[in-house]
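K.L.:
Sharing a structure with you now.
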Amino acid sequence: MLNKVVIVGGGTAGWMTASYFKAAFGDRIDITLVESVHIGAVGVGEATFSDIRHFFEFLGLKEKDWMPACNATYKLAVRFENWREKGHYFYHPFEQMRSVNGFPLADWWLKEGPTDRFDKDCFVMSSVIDAGLSPRHRDGSLIDQPFDEGVEEMQGLTMSEHQGKTQFPYAYQFEAALLAKYLTDYAVQRGVKHIVDDVQDVSLDDRGWIGSVRTKEHGDLTGDIFIDCTGFRSLLLNKALEEPFISYQDTLPNDSAVALQVPMDMEKRGILPCTTATAQDAGWIWTIPLTGRVGTGYVYAKDYLSPEEAEKTLREFVGPNAADVEANHIRMRIGRSRNSWVNNCVAIGLSSGFVEPLESTGIFFIHHAIEQLVKNFPGADWDPVRRNSYNTAVTHVMDGVREFLTLHYVAAKRNDTQYWRDAKTRKIPDSLAERIEIWRTQLPDSETIYPYYHGLPPYSYMCVLLGMGGIDVKPSPALALTDSDAVRREFEQIQEKTRRLAETLPKAYDYFSRLG
């Protein structure tokens, strides 16, 4: 039986892996995590997918326990500013698209939407966010759901097993370093051995498998399976095992970022419960409100902008509060390893791959990879079917997200700089080009989106196409032959629900001040 795991690298990826393994396997698995104090974590991945809620539920952690410790807030959507044109914004919310008479509400909106804002006409959450409201009432109850969602019953389920059981209209935003610290305590209390040391070498055996990692102070650490959580360095997978890396930069050119952690009076500022992506001349700026500060950064392509210019633009964007804040410049490696599991080594997190921060997929990739590894955990025979299944799942999710993010740039109407003009002519995956031609005549559905990974539902593609404005789309001709009385009532019900929630939901800051 294989039960000795060595995790190389801490940070979000390392400690999420250690914690999840302990929750899944308990004392039947021996885990050692080694991390260096001399190598800082990237530490800017503060926003998440809504699926991350299932990670905390699997660990048995409740929001009232971990969120205050991590300065966490709710994220109800991604808000895109200036992607269509300066001054324009729209939301991609965590809220399923309604259907009327068998057609998505977005289709009806194209035919007879009550206003020019699809996101406010088709979703409740867009107006909730604009008002800076919490998705939970003062008593803790969730919008349209009781607060006691059966966490005990849900504990132990994976994100895929949660599908259809309950719908959560938000994700989280948190301070990555604080989450890593919180999970360190969680994992160590449950028996994970924590070694603070520098890894100096990786030893391979006669088969080319990892036999041990050599540390400066603790000597050789041996194990059955080694988890590479060393970030963009990919010390084990790409360096020691020489697994090739496949770049995505032919379609996604952003390869750099500069980040600031800006202290602010959040009571005075207020918390907009979303992640904002504001288009700039050579990329975009993220804005993530936490309970004590704002995390922000400029994601850009170095072929169009220098680091000095990027930092200057970011500081001007933030304003006086950023004056004395130290900037963190990051070179990003955009793409994925050919295989993330090679021999007895599995890379998780940035060491496996990364598809730029847009839509907050980084922590989702970590969560997805951990679940897949638990599902396909090897036996003593090292059955290659399990390894191949894992690699296929990771490849599909990353290639699928690549397509989805590429669509943002292709679909953006903005063309006022060379960066945005080039986005319209840059190479895109052949399959995406074929899908776009289909979407010009019918909105995306489950049969026309990326076929190998459906974690991004059709309505997400609809939001990008309708919001960005650079690709003309049309309503289904069949709507002209269908009674539209029901759809008018649906639009009215959304507005009525929006008004009711505005009267009853607390401000996001007020909710978190009570939670803490």
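Laboratory data are not the source of any read-out in this text; all were calculated from the coordinates shown. These numbers come from a predicted model, not from an experiment. Cβ placement follows ideal geometry from the backbone for every residue including glycine, while neighbour counts extend to all protein chains displayed.
K.L.:
Roughly how big is the chain's charge dipole about its Cα centre, with Cβ charges of +1 (Lys, Arg) and -1 (Asp, Glu), in debye to the nearest 20?
P.N.:
With only Lys, Arg, Asp and Glu charged at Cβ, the dipole is about 400 debye.
K.L.:
On to the next question. Give me the percent relative contact order of the chain, please, defined on Cα pairs under 8 angstrom at least 6 residues apart.
P.N.:
It comes to 23 percent, rounded to a whole number.
K.L.:
Projected onto the charge dipole of region 269-336 (+1 at Lys/Arg Cβ, -1 at Asp/Glu Cβ, origin at the Cα centre), which of 289, 301, 278 gives the Cα projection farthest towards the positive end?
P.N.:
Final value for the positive-end residue is 289.
K.L.:
Go through region 95-101 residue by residue and turn each phi into a ³J(HN,Hα) via Karplus (6.51, -1.76, 1.60, θ = phi - 60°); whole Hz please, and just put x for glycine and proline.
P.N.:
7, 5, 6, 6, 10, 9, 6
K.L.:
What ratio of Cα Rg to 2.2 N^0.38 Å holds for region 360-421? Mind dumping the intermediate values first?
P.N.:
Working: Rg = 17.3 Å, N = 62, 2.2 N^0.38 = 10.6 Å.
With N residues counted in region 360-421, Rg over 2.2 N^0.38 Å equals 1.64.
K.L.:
Quick one: work out the % antiparallel among DSSP beta bridges in the chain, nearest 5.
P.N.:
Details: 55 of 75 bridges.
Approximately 75 percent, going by the DSSP bridge assignments.
K.L.:
Provide the net charge surrounding residue 230, with neighbours chosen by a C-beta distance below 14 Å and charges set as Lys +1, Arg +1, Asp -1, Glu -1.
P.N.:
-3
K.L.:
Determine the shape class of region 424-516: with a ≥ b ≥ c the square roots of the Cα gyration tensor eigenvalues, call it rounded for a/c under 1.5, and otherwise prolate if a/b is greater than b/c, oblate otherwise.
P.N.:
Numbers: a/c = 2.75, a/b = 1.45, b/c = 1.90.
Because a/c hits 1.5 or more and a/b fails to exceed b/c, region 424-516 counts as oblate.
K.L.:
Hey, how many Å between the Cα centroid of region 375-393 and the Cα centroid of region 171-208?
P.N.:
After rounding, the separation between the Cα centres reads 23 Å.
K.L.:
Give the span of the chain's Cα atoms along each principal axis, as three whole-Å numbers ordered largest to smallest.
P.N.:
Sorted largest first, the three principal extents are 71, 51, 50 Å.
K.L.:
Right, something else. How many nm is it between the label spots at residue 323 and residue 25, if each spot is 7 Å from the Cα in line with the beta carbon?
P.N.:
For the pair residue 323/residue 25, the computed spacing is 5.3 nm.
K.L.:
Could you run the Karplus curve 6.51 cos²θ - 1.76 cosθ + 1.60 with θ = phi - 60° over region 372-384 and give me ³J(HN,Hα) per residue in whole Hz, x for Gly and Pro?
P.N.:
Ordered by residue, 3J(HN,Hα) equals 5, 5, 4, 4, 10, 4, x, x, 5, 8, 6, 3, x Hz.
K.L.:
For an R0 of 25 angstrom, estimate the FRET efficiency from the Cβ-Cβ distance between residue 427 and residue 116 and round to the nearest 0.05. Show your work: numbers first, answer last.
P.N.:
Working: r = 33 Å, r/R0 = 1.30.
For R0 = 25 Å, the calculated efficiency reads 0.15.
K.L.:
Quick query: amide H of residue 342 versus all other amide H atoms, modeled in the peptide plane; which residues come in under 5 Å with a sequence gap of 5 or more or a different chain?
P.N.:
It is 347, by chain and number.
K.L.:
If you don't mind, there's one more thing I want to ask. Given the alpha-carbon gyration tensor of region 361-486, what are the semi-axes of its equivalent ellipsoid in whole angstrom, ordered largest first, with each equal to the square root of 5 times an eigenvalue?
P.N.:
Numbers: eigenvalues 233, 84, 29 Å².
After diagonalising the Cα gyration tensor, the semi-axes are 34, 20, 12 Å.
K.L.:
Can you list the residues, at least 5 places off or on another chain, whose amide H is less than 5 Å from the amide H of residue 143, using H built in the peptide plane?
P.N.:
Amide H neighbours of residue 143, under 5 Å, 5+ apart: 137.
K.L.:
Taking Cα atoms, how many degrees apart are the long axis of helix 458-468 and the longest axis of the chain, rounded to 10 and kept between 0 and 90?
P.N.:
60 degrees
K.L.:
Using each residue's phi in region 394-411, evaluate 6.51 cos²θ - 1.76 cosθ + 1.60 at θ = phi - 60° and report the 3J(HN,Hα) Karplus result to the nearest Hz, with x for Gly and Pro.
P.N.:
My calculation for region 394-411 gives 5, 4, 5, 5, 6, 5, x, 5, 4, 4, 4, 5, 4, 4, 4, 6, 5, 7 Hz in order.
K.L.:
For the chain, find the longest principal axis of its Cα atoms and tell me its angle to the long axis of helix 11-25, 0 to 90°, nearest 10.
P.N.:
Helix 11-25 and the main axis of the chain meet at about 80 degrees.
K.L.:
To continue, here is another question. Divide, for region 166-270, the radius of gyration over alpha carbons by 2.2 N^0.38 Å, where N is the residue count.
P.N.:
On the way: Rg = 19.6 Å, N = 105, 2.2 N^0.38 = 12.9 Å.
Cα-based Rg divided by the globular estimate yields 1.52.
K.L.:
What dipole magnitude, in Debye to the nearest 20, does region 237-311 give about its Cα centre under +1 on Lys/Arg Cβ and -1 on Asp/Glu Cβ?
P.N.:
On the way: 5 positive and 11 negative charges, 85 e Å.
Once rounded to the nearest 20, the dipole reads 400 debye.
K.L.:
Okay, next question. What's the center-to-center distance, using Cα atoms, between region 316-359 and region 254-285 in Å?
P.N.:
Region 316-359 and region 254-285 have Cα centres separated by 16 Å.
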